[in-house]
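Values in this text are rule-based calculations from the coordinates and carry no lab data. The model shown is predicted, which means the values in this text are computed figures rather than measured ones. In this analysis, Cβ positions are derived from the backbone assuming ideal geometry, glycine residues included, and neighbour counts consider all displayed protein chains.
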Amino acid sequence: DVKVTQSSRYLVKRTGEKVFLECVQDMDHENMFWYRQDPGLGLRLIYFSYDVKMKEKGDIPEGYSVSREKKERFSLILESASTNQTSMYLCASSLRRDSNQPQHFGDGTRLSIL
Amino acid sequence: GESVGLHLPTLSVQEGDNSIINCAYSNSASDYFIWYKQESGKGPQFIIDIRSNMDKRQGQRVTVLLNKTVKHLSLQIAATQPGDSAVYFCAENISGDDKIIFGKGTRLHILP
């Protein structure tokens with residue numbers, strides 16, 4: 001089974017802090033994704049990556065950046081956290097581009113910005 | 001707006017009955033469809049997928065039906081159990097596009 005592991009289940013930070021959310025997958029997947037999930041808004045794509053050191057903006061990249069230094073790890077960075085970034089953050093991975101394969105998700109990080 | 005949607009935000013089903021969760025999609029170019037289950041406090045879990053060259057696909061207690069004519073997708077769960085309580089999402093993808101478009105989800109509530 002694919003295992004996508006997010007480093008924290010719950011995180012509380014203060015406005016203005018720099019926040020790092022970490023995600024690791026163990027199946028040698030090429031694609032990795034970061035979403036946020038909010039009530040009534042569903043899953044929204046923040047950034048994704050299809051290769052090491054490659055990144056693509058999703059639908060809501062503002063206020064976020066990402067890092068993919070190794071194939072198995074994809075980090076989401078909140079450069080200066082704001083209260084409107086309080087959300088559930090979900091990481092996902094999929095096998096490779098153009099493969100018609102499902103994305104597999106971690107269990108999420110519930111982030112609160114005070 | 002969403003190109004993948006759901007007819008009902010909440011579905012209540014008696015334990016032991018079959019559940020049918022519906023989904024409409026608007027992009028006729030979509031050729032790959034996925035159903036996910038999300039339990040409280042967990043991430044979405046892959047259930048079953050189907051490609052556009054198929055009308056039906058079966059898994060363990062689940063069946064996905066695809067009607068391309070009316071752009072409709074459904075998930076059938078046989079003999080619904082308490083453990084099936086969750087939010088179910090459909091999602092669509094176009095070959096060559098890395099992104100998947102998710103619907104907002106249907107909450108399945110199991111009545112004892």
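Annotations
- Between the stretch A:52-89 and the stretch B:22-55, the Cα center-to-center distance that results, in Å: 25
- Under the convention that each Lys and Arg Cβ holds +1 and each Asp and Glu Cβ holds -1, the size of the dipole of chain A around its Cα centre is about 240 debye.
- About its Cα centre, the dipole of the protein assembly as shown is roughly 240 debye, where the only charges are +1 on Lys and Arg Cβ and -1 on Asp and Glu Cβ.
- Along the stretch A:71-86 the Karplus relation, 6.51 cos²θ - 1.76 cosθ + 1.60 evaluated at θ = phi - 60°, assigns HN-Hα couplings of 4, 7, 10, 9, 10, 10, 10, 9, 5, 8, 4, 10, 4, 6, 9, 5 Hz to successive residues, with x for each Gly and Pro.
- Gaussian network model of chain B, Cα within-10 Å springs - most flexible of B:Phe46, B:Phe33, B:Phe89: B:Phe46
- Our coupling estimate for the stretch B:72-89, obtained by passing each phi through the Karplus curve with A = 6.51, B = -1.76, C = 1.60 and θ = phi - 60°, is 10, 10, 9, 10, 10, 10, 7, 6, 4, 10, x, x, 7, 4, 4, 9, 10, 10 Hz, Gly and Pro reported as x.
- Under 18 Å from B:Lys68, Cα to Cα: lysines that are on another chain or at least 8 residues apart: B:Lys56
- Counting Cβ atoms of other protein chains within 10 Å of each residue's Cβ and taking the mean over peptide A:17-26 gives 0.
- Under a 5 Å amide H cut-off, with hydrogens placed 1.01 Å from N, B:Ile48 pairs with B:Trp35 among residues at least 5 apart or on other chains.
- Label separation (A:Ser67 vs B:Asn53): 4.3 nm, computed from points 7 Å beyond Cα along the C-beta direction.
- Karplus (6.51, -1.76, 1.60) ³J(HN,Hα), θ = phi - 60°, over the stretch A:7-18, in Hz, Gly and Pro reported as x: 5, 10, 7, 9, 8, 10, 10, 9, 3, x, 6, 8
- Cβ-based charge dipole, the protein assembly as shown, positive-most Cα from B:Leu65, A:Leu11, B:Phe89: A:Leu11
- Bridging of A:Lys70 to lysines at a Cα separation below 24 Å is possible for A:Lys3, A:Lys18, A:Lys53, A:Lys55, A:Lys57, B:Lys99, once same-chain residues fewer than 8 apart are set aside.
- For the stretch B:4-111, the dipole from Cβ point charges (+1 on Lys and Arg, -1 on Asp and Glu) about the Cα centre works out to 80 debye, to the nearest 20.
- Beta bridges by DSSP in the protein assembly as shown, antiparallel share as percent, to the nearest 5: 90
- Selection from A:Leu21, A:Phe105, B:Tyr36, by position along the positive dipole direction of the protein assembly as shown (Cβ): A:Leu21
- Qualifying aspartates and glutamates (Cα of each under 16 Å from Cα of B:Lys71; at least 8 residues distant if same chain): B:Glu2, B:Asp31, B:Asp49, B:Asp55, B:Glu92
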